[in-house]
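See structure below.
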Amino acid sequence: MAILNITYNGLSADYPIELDGQVADVDLKRIAQELVRSGDVPGLHLPNLPVEAFDGFVIDRLQGGTRLYLRPKVPFGA
Amino acid sequence: MRVVILGVGALGSTTAVLCRALDATLAFIDFDKVESKNLLAQAFVKQSLGKNKAEALKAQLLNFYGVKAEAFGVRLTTENVAALVKDAGLVVDCFDNAESRRVISAHARAQQIPLVHAAISGDGSFGLVRWDERFTPDAEDHAGQATCEGGEHLPMIGLLSATLARTIQDFVTKQERRDSMVGLKAVTVTG
C-alpha cells in the first residue's frame, strides 16, 4: 500500500493506492487523472480535468516508494 | 552558527528578513542587481535600486533592524563554492535554476554540510521546503523562464518564505530537519 499525494492548482490531497510493483510516471499520472476526475480523491474533484493537466509534473518517490507525490515542477527561488 | 543563503531574490530576501531575530550570522550570496521590477516581489526597497542584491539586503538589515550580515556579490560556481560556504552551519538554497542547485548539492553532500532547499512553481500555486537528502532539482521549462516579476505571487512567496524561515529556526535551535509542502490551502509537513 502506498499513499499518492496529488497537488493540482494549489490544492493537495492524499489517496491510498495499491500498486503492483514499480509503476511508471506516465501510468501514475494517468491513474491520478482518473482519480481526480471520478471524485475519489477527497477535496480534489475536478470532473473536467484536462487530459494534459499533469504534463510537466514531477513524481517524487519517498520513503521507499510508499509515499508518492505528484506535483508541479518547482524550478524557482530567487 | 553561520547561515548562508544562496540567491536573495523573492524567496531568499523575504526569508532573510524573517530570520533577522535568529541567533546566527546570516550571509547572502547573489550576483544579481536590484531592478525596479523586483520591488514588487522581493524584500528590496527603492533606495536599493541598482545595487547588488546581497549587498543591498545586508545594508537594509543593518539600516532598518540593526542586524549585521555578510554579503558576497558573486555567482556561485564549482570554483568558489568551497570558499563561499566555508564554516557554514547551514546552507539555504533559494536559487532560481537547476544548475546552481546541483553545484551546491554536490558540494554539500561531499562536505556533509546541512543544506535545505526552497522552490516555487512558475504559477505561484505551490512550493516546497525540502532537505537535500530528499531533493532533486526541477529544471525550468526553458532557460531564463520568468516568474513573478509583477508581484502576483507575493502571498505565496510570503507563505513559503515563512515556512522556510521556521525550518531554518528549527534547525538552528533544535537541529530538527523537517520538509514541507506549501499549497494555497495548507502548509503540510511531509517528513
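Just a few scattered comments:
- Screening segment B:139-191 for residues that are loosely packed, with under 14 Cβ neighbours inside 10 Å and modelled with pLDDT of 95 or more and picking the one that is nearest to the other protein chains (Cβ to nearest Cβ) gives B:E176.
- For segment A:48-71, a residue qualifies if it is open to solvent by less than 10 Å² (accessible area, probe 1.4 Å) and within 12 Å of chain B (Cβ to nearest Cβ), and the qualifying residues are A:L68, A:Y69, A:L70, A:R71.
- Qualifying residue in segment B:33-45 (condition: open to solvent by 80 Å² or more (accessible area, probe 1.4 Å) and within 15 Å of the chain's Cα centre (by Cα)): no
- Just one of the listed residues (B:L26, B:L49) is away from chain A (no Cβ under 14 Å), free of Cβ contacts under 8 Å to residues at least 60 places away in the same chain and buried (at least 23 other Cβ atoms within 10 Å of the Cβ), and it is B:L26.
- Residues of segment B:124-133 that are more than 7 Å from every other protein chain (Cβ to nearest Cβ) and not in a strand (DSSP E or B): B:G124, B:D132, B:E133.
- Of all residues in segment B:1-23 being within 10 Å of chain A (Cβ to nearest Cβ) and assigned to a loop (DSSP other than H, G, I, E, B), the one that is farthest from the chain's Cα centre (by Cα): B:G9
The values are calculated or read from the model by the stated rules, or taken from the named source; none is laboratory data. Since we're looking at a predicted model, the values are computed, not measured. Here the Cβ is made from the backbone with ideal geometry for all residues, glycine too, and neighbour counts use every protein chain on show. The protein model used for the area step is the full one, side chains on, heavy atoms only, and it has no ligands, DNA or RNA in it. Shrake-Rupley method; radii C 1.70, N 1.55, O 1.52, S 1.80 Å.
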